[in-house]
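Remarks on the structure that follows.
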Amino acid sequence: MQRSTNALLLFMLGTLLAFGPLSIPAAVAEEEMDLAKAVAEAEEMDLAKAAQKTNNPVSDAWLLITQYDYTTLRGDAIDGSETRHRLSFQPVLSVPIFDGDWNLVNRPVFQFFDAPLDDDLDSTDPFGDSTQGMGDTIFFSLLAPNREDGFIWGVGPTFIFPTATEDVLGQEKWQAGPAALALRLGNQHGGWGLDHFNIGLLAQHWWDFAGDDDRPYTNQSDIQYFINWRMNETQLVGMTPNIQIDWTKDGSDRFSVPVGLGTIGFFRVGKIPVRWGVELQYYVMQPDPVAPDWNLKIFFAPVIANPFK
């Protein structure tokens, strides 16, 4: 009996020595795989949440938008076509108020141009040269309820400041007016019902109230419309063009109306979600004598923590 017991103990000890060192790392590796999977899923959920927040122009997220526009110009005043380059920095800076139930969303737009224009306003050949510099600066502020889907709205003032470094790159007028947002955000993706789309518009209007008396007075509008299909949690397909209206002109010359097709998505740089987009636009209505014909828009927008939350 004693010899059988000793043999059994020796067998169990041999089994532990033989298989123990292999089974422990296997268990650890399995736990690490589960942990990595959980982290990946958590990061994906965070990216989806960031996408949903930034689909809303008046959410509590902070976006540091840098946008590049490559625009071809045509018209009776141009022999063939010309190109204009525009680089803009458009940070979206939201301040939660009323215990976070509302947001005060502030958005300056700083613009830098490389334009096919002579820097002399009185030039006999206005498109005979190119001019680089800063354009006028736009700033608007919207008060809006803090929501992530459904019907979203916001209202506030908008301004244009005469910050252009060259006369031909700005209007040399101080301008102000109202701004309003109306938007319906979907909460589903991959289908074709109303909840699978983001649809809305952001309208701004300006009148001049001061500035260079030698420059024409201004009475103008900008209406950005959104029609985007929610392909998945982080990817949109559709258009976000800007209709421009100059009410000082007559008839169809008042309107610059583009349509477009593009996509908006997300990727991550380290722990920072980055929203990106590319869209090609064609102007179906153009004023004389010079107007945009095609526009290619590319943007990148890191999403950073709101310091006021």
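Here, each number is a calculation from the coordinates, and none is a lab measurement. Predicted model only: the values in this text are computed from it and were never measured. We place every Cβ from the backbone using ideal geometry, glycine too, and count neighbours over all the protein chains shown.
General observations
Residue-by-condition table, conditions (1) under 24 Å from Ser221 (Cβ atoms); (2) of a type in the set (Val, Ile, Thr); (3) more than 19 Å from the chain's Cα centre (by Cα):
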| position | (1), (2), (3) |
| --- | --- |
| Met239 | yes, no, no |
| Trp247 | yes, no, yes |
| Pro292 | yes, no, yes |
| Val303 | no, yes, no |
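- Restricting the search to strands (runs of 3 or more DSSP E) fully inside the stretch 164-274 and requiring at least 1 residues that are more than 19 Å from Asn55 (Cβ to Cβ) gives 173-185, 197-211, 219-230, 242-246, 255-269.
- Residues satisfying the stated conditions in the stretch 93-128, i.e. of a type in the set (Asp, Glu) and surrounded by 13 or more Cβ atoms within 10 Å (Cβ to Cβ): Asp114, Asp118, Asp119, Asp120
- Residue in the stretch 258-268 that is among the charged types (D, E, K, R) and within 25 Å of Trp206 (Cβ to Cβ) present: no
- Residue among Ile160, Ile199 that alone is closer than 17 Å to Pro108 by Cβ, among the aliphatic types (A, V, I, L, M) and within 23 Å of the chain's Cα centre (by Cα): Ile160
- Scanning the stretch 46-92 for residues that are surrounded by 17 or more Cβ atoms within 10 Å (Cβ to Cβ), hydrophobic (A, V, I, L, M, F, W, C) and either within 12 Å of the chain's Cα centre (by Cα) or farther than 22 Å from Asp288 by Cβ (or both) returns Leu47, Ala50, Ala51, Val58, Ala61, Trp62, Leu63, Leu64, Ile65, Val92.
- Pairs with Cβ under 9 Å, 6+ apart, first in the stretch 144-169 and without any contact (Cβ under 8 Å) to a residue 40 or more places away in the chain, second hydrophobic (A, V, I, L, M, F, W, C) and assigned to a loop (DSSP other than H, G, I, E, B): Trp153/Val58
- Looking across the stretch 144-175, just one residue is surrounded by fewer than 16 Cβ atoms within 10 Å (Cβ to Cβ) and of a type in the set (Gly, Ala, Ser), and that is Gly150.
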